[in-house]
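Only the coordinates and a few stated rules stand behind these numbers; no lab work does. The shown structure was predicted, so the numbers you read here are calculated from the model rather than taken from an experiment. Using ideal geometry, Cβ is built from the backbone for each residue, glycine included, and neighbour counts are taken over all protein chains shown.
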Amino acid sequence: MSSIAFKPFTGLRRSSAVPTTTNTTPSKPVIKFHVSAAKTSPKLSNRDLRVAVIGGGPAGGAAAETLAKGGIETFLIERKLDNCKPCGGAIPLCMVGEFDLPLDIIDRRVTKMKMISPSNIAVDIGQTLKPHEYIGMVRREVLDAYLRDRAKENGANVINGLFLKMDMPKHWDEPYVLHYTEYDGKKGAMGEKVTLEVDAVIGADGANSRVAKAINAGDYDYAIAFQERIKIPDDKMVYYENLAEMYVGDDVSPDFYGWVFPKCDHVAVGTGTVTHKSDIKKFQLATRNRAKDKILGGKIIRVEAHPIPEHPRPRRLSGRVALVGDAAGYVTKCSGEGIYFAAKSGRMCAEAIVEGSQNGKKMVDEGDLRKYLEKWDKTYWPTYKVLDVLQKVFYRSNPAREAFVEMCADEYVQKMTFNSYLYKTVAPGNPLEDLKLAVNTIGSLVRANALRKEMEKLNI
Amino acid sequence: MSISMASFSPPPTSFSVKPHFTHKSTLFLPLKRPFLFVSTPKVLPDNGARGSASVAAVEDPKPKQPDPVLEEAVEGSSGPKGAATSSEVEVLGKFEDPRWIGGTWDLKQFQKHGSTDWDAVIDAEVRRRKWLQDNPETTSNDNPVVFDTSIIPWWAWMKRFHLPEAELVNGRAAMIGFFMAYLVDSLTGVGLVDQMGNFFCKTLLFVAVVGVLLIRKNEDFDNIKKLIEETTFYDKQWQATWQDDTNSKNN
């Protein structure tokens with residue numbers, strides 16, 4: 001009956017469920033009925049379900065909070081509690097509501113953006129925003145700490161430790177054994193090695209995830225984002241009061257964009273690339289050059305770089321271990337946005353565990369975690385695909401970028417872009433306007449390419 | 001000065017620009033030590049005069065246009081070398097053209113026989129983009145660029161870009177069509193009118209037209225194949241986690 005509906009997934013359960021010998025264990029003969037897993041998983045008689053969340057960023061913090069609220073014994077392992085992550089720091093409006101973020105976490109509300117083409121044609125966007133709409137700029141250390149503290153308030157155990165490795169269970173009802181180094185003020189910098197037994201693991205440890213390595217999740221392509229924090233004079237800072245800039249061009253990045261984002265009292269100037277990582281310094285120089293007039297007199301206070309995954313890992317789930325956030329590779333193309341998706345995926349995974357374990361009373365299994373993947377793919381696949389198409393079409397070449405900036409001047413485009421960014425839904429627009437938009441896009445692309453062909457003739 | 005030169009990365013690109021242009025340039029410019037000025041500690045060495053040679057070559061095919069940038073460049077490059085002249089060097093680096101006013105092309109200066117000479121506007125914009133591609137410039141809040149290519153009417157684009165290519169392609173198609181019609185007639189005895197009535201021939205004609213539209217050069221074959229692969233690549237990456245599942249089921 002329902003086995004047919006779940007056909008694609010029984011395969012994995014069949015292979016992970018050891019054949020007949022385990023049927024003789026005292027618990028119910030679960031294997032045959034794995035289809036409706038939660039109802040027949042063994043009840044945990046004397047304890048709650050134990051889940052470890054590795055990594056205390058937005059994904060880890062959100063997951064730990066949801067797990068703790070759901071009555072599960074949660075362990076949040078974070079290696080550096082005051083970590084100042086290199087990050088753009090932009091969060092969409094919906095995140096503030098969905099995660100009940102206090103407004104004082106948000107340093108700035110960006111309500112205007114400027115897109116600048118390779119030939120410096122500048123287009124202002126943001127006129128279509130309503131007064132209550134904005135893009136929030138946060139400091140990662142503030143946001144991460146807030147989410148972790150909230151998880152702690154709800155009952156999660158926050159551990160300052162560095163995850164080392166994980167022993168996989170040999171039988172399906174054995175726990176995962178985590179090895180980590182606990183940092184405790186008393187023991188000094190070295191920390192002591194500790195093991196922890198848990199029933200399930202959520203890997204939220206970012207782009208270089210060790211949990212992903214432990215489950216052979218595979219690799220992904222990644223971009224390098226390079227950023228310099230520059231403190232500029234106050235009169236120049238006024239311009240960036242609530243405005244962010246995006247620079248596109250071959251000089252700035254061959255496949256991404258350069259940016260100037262305002263932070264609490266300084267600006268972050270950066271760029272990124274996937275294909276030409278060794279030239280990143282050159283691109284950064286070019287970005288600073290393009291913004292030169294506006295950041296003149298500024299002092300660089302910090303230089304940072306970090307990898308950004310370009311697509312999900314081949315395997316996001318194995319046994320009772322799931323990946324979320326950057327560890328899973330949930331960063332969108334085109335805009336490179338990851339904070340919201342990290343937090344949301346952490347929450348979704350935790351919700352699936354809470355539901356599958358019936359608030360911590362039953363053991364979960366892979367099927368419950370698969371539900372999180374299903375829900376995630378169904379909800380956000382359109383967003384990711386649309387951004388991928390946009391990147392492929394508009395970040396290809398300088399003419400494409402010129403066309404991109406031209407298109408941004410259109411009000412309908414601005415409205416659709418902001419709606420989908422701020423609320424994370426791909427809403428179908430007016431079909432007539434869509435048609436006009438398509439025609440205009442093709443027109444812009446054709447014109448820009450024609451100009452480029454003429455430019456090449458000049459070279460000869 | 002020498003220290004700042006050592007820390008300055010792009011000279012290789014500026015010197016690679018040189019060989020393309022100097023042999024074309026009728027005016028010899030004492031070629032460019034890149035101009036460096038340090039406006040504040042730690043920020044942005046700049047090479048203002050790097051593009052002067054490229055301007056010379058670009059101006060060459062249109063000698064009738066005034067050449068303010070070139071004149072200034074000649075002055076500037078033989079001029080001072082220190083950091084004190086930062087303001088002059090900055091002006092040199094920027095794109096300048098008497099018809100470029102307020103961040104867009106002043107259409108009134110493109111008048112020919114009482115109406116706007118759109119070809120000249122296109123040429124001017126092409127030169128500006130070429131200049132900026134070789135010498136990326138800073139954007140400025142005081143002089144924003146607001147030019148939009150859509151102010152040039154669609155028929156100007158058609159006339160300049162589409163029609164010549166259309167003529168070429170149609171000419172080739174006509175020649176091939178005539179030859180193929182003759183060949184088919186000689187082989188099968190079916191005349192032109194009867195060929196047009198036959199479904200197979202009509203299909204062949206359709207395939208030929210589509211083929212000519214999509215594949216103009218040899219590289220287009222590979223480009224189209226790559227495009228098709230590209231459109232589904234991201235989907236495959238996302239589905240990988242489910243693929244894993246069915247593979248183990250089949251094992």
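Hey, what number do you get for chain A at 222 nm if only DSSP H runs of n ≥ 4 count, each worth -39500 (n - 2.57), divided across all residues, to the nearest 500?
-12000 deg cm²/dmol
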Exercise. Could you work out how far the C-alpha centroid of the stretch A:43-78 sits from that of the stretch A:120-156, in angstrom?
Key: 24 Å
Quiz item: Going down the list A:Lys236/B:Lys130; A:Lys213/A:Lys281; A:Lys85/A:Lys152, which pairs span over 28 Å between their C-alpha atoms?
Solution: A:Lys236/B:Lys130; A:Lys213/A:Lys281
Quiz item: Cα axis of helix A:339-356 to longest principal axis of chain A: angle in degrees, 0 to 90, nearest 10?
Solution: 20 degrees
Quiz prompt | Whole-Å distance, taken between Cα centres, linking the stretch B:131-176 and the stretch A:397-460 | solution = 15 Å
Self-check item: Restricting the stretch A:46-94 to trypsin sites (Lys or Arg not before Pro) in coil, as DSSP defines it, with at most 14 other Cβ within 10 Å
Solution: A:Arg47, A:Lys80
Quiz item: On a 0 to 90 degree scale, rounded to 10, what angle separates helix A:431-459 from the longest Cα axis of chain A?
Solution: 60 degrees
Practice problem: Any chance you could give the angle, 0 to 90 degrees and rounded to 10, that helix A:411-423 forms with the longest Cα principal axis of chain A? | Solution: 20 degrees
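Of all chymotrypsin sites (Phe, Trp or Tyr not before Pro) in the stretch B:154-219, which ones are in loop regions per DSSP and have a Cβ with at most 15 other Cβ atoms within 10 Å? It would help to have the intermediate numbers written out before the result.
Numbers: sites: B:Trp154, B:Trp155, B:Trp157, B:Phe161, B:Phe178, B:Phe179, B:Tyr182, B:Phe199, B:Phe200, B:Phe206; in loops: none.
Sparse-neighbourhood loop chymotrypsin sites (Phe, Trp or Tyr not before Pro): none present.
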Self-check item: Those residues of the stretch A:371-395 whose amide nitrogen sits under 15 Å from the label point placed on B:Phe233, 7 Å along Cα→Cβ
Solution: A:388-395
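Using Cα pairs under 8 angstrom and six or more residues apart, how large is the relative contact order of the stretch A:244-386, in percent?
Numbers: 162 pairs, mean separation 19.2, N = 143.
Answer for the stretch A:244-386 is 13 percent.
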